[in-house]
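Report on the structure given below.
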Amino acid sequence: MSIDNLKSSLPEYAKDQKLNLGTLTRSTELNEEQLWGSMLAAAAATRNDTVLSEIMEEAKEHLSAEAIEAALGAATVMAMNNVAYRAKGWMGEDYAQVKFGLRMNIIAKPGVEKANFELWNTVVSAINGCEHCLVAHSKTLQEEGMTKEQIWEGVKIAGVIQAIAQTIQVEAAR
């Protein structure tokens, strides 16, 4: 199992992340598609080949082909949006009314339930550090009926997957 591969590759100083990963993969807050889509979107957002390939391997056992494409789509569209919206915010009020001008059709037709896709957008935005997108997508999730606990579960997944990716990178450099 690929999650087991990730856990076994972590050194002692990252024992907390090994335990956190085990706990999160048994989440009762999220359904299977929400959980594994969040894991996959987070893995893609880390830009770490090892993390992405190991999580992808296991996610294929839990997600439909459409959900895999949507999770990866969330990672790519939010990579673009997180940069653009952060920049727009930093550039000030002079840019508030400037037309965004970038395509993001996948948001309208992700191929999965809107709430699941919005959760994956939130997970990626947490990793990429975009306050604007985090606020917007978490608000939409609440409007779609997700609880704060479910949304927070996605953020926890983002944090743990990012920490694991960083650990793997550190160990590769040692």
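If only residues of the stretch 74-87 that are among the hydrophobic types (A, V, I, L, M, F, W, C) and surrounded by 14 or more Cβ atoms within 10 Å (Cβ to Cβ) are counted, the one that is farthest from the chain's Cα centre (by Cα) is Ala84.
Out of the stretch 22-68, which residues are over 26 Å from Glu171 (Cα atoms), polar (S, T, N, Q), open to solvent by 30 Å² or more (accessible area, probe 1.4 Å) and modelled with pLDDT of 95 or more?
Listed by number, the residues that qualify are Asn31, Ser64.
Regarding Asn128, is this residue in contact with a Gly (Cβ under 9 Å, 6 or more places away or on another chain) and at pLDDT 95 or above? Against the criterion (in contact with a Gly (Cβ under 9 Å, 6 or more places away or on another chain) and at pLDDT 95 or above), Asn128 does not qualify. Going by the structure shown, is Met104 open to solvent by 40 Å² or more (accessible area, probe 1.4 Å), without any contact (Cβ under 8 Å) to a residue 60 or more places away in the chain and within 16 Å of the chain's Cα centre (by Cα)? No, not satisfied.
Quick check on Asn31: is it within 14 Å of the chain's Cα centre (by Cα) and polar (S, T, N, Q)? No, not satisfied. Considering the conditions (1) more than 15 Å from the chain's Cα centre (by Cα); (2) open to solvent by less than 20 Å² (accessible area, probe 1.4 Å), Ala71 is excluded by exactly one of them, (1). The criterion of being hydrophobic (A, V, I, L, M, F, W, C), at pLDDT below 95 and open to solvent by 60 Å² or more (accessible area, probe 1.4 Å) holds for Trp90.
Condition check ((1) farther than 16 Å from Leu40 by Cβ; (2) open to solvent by less than 30 Å² (accessible area, probe 1.4 Å); (3) within 13 Å of the chain's Cα centre (by Cα)) across all residues:
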residue: Val123; (1), (2), (3): no, yes, yes
residue: Ile127; (1), (2), (3): no, no, yes
residue: Cys133; (1), (2), (3): yes, yes, yes
residue: Leu141; (1), (2), (3): yes, yes, no
residue: Trp152; (1), (2), (3): yes, no, yes
residue: Ala158; (1), (2), (3): no, yes, yes
residue: Ile161; (1), (2), (3): no, yes, yes
residue: Ile164; (1), (2), (3): no, yes, no
residue: Arg174; (1), (2), (3): yes, no, no
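The values are calculated or read from the model by the stated rules, or taken from the named source; none is laboratory data. These numbers come from a predicted model, not from an experiment. Virtual Cβ from ideal backbone geometry, glycine too; neighbours counted across all protein chains shown. Surface areas here come from the heavy atoms of the whole protein model, side chains and all, with no ligands, DNA or RNA. Shrake-Rupley method; radii C 1.70, N 1.55, O 1.52, S 1.80 Å.
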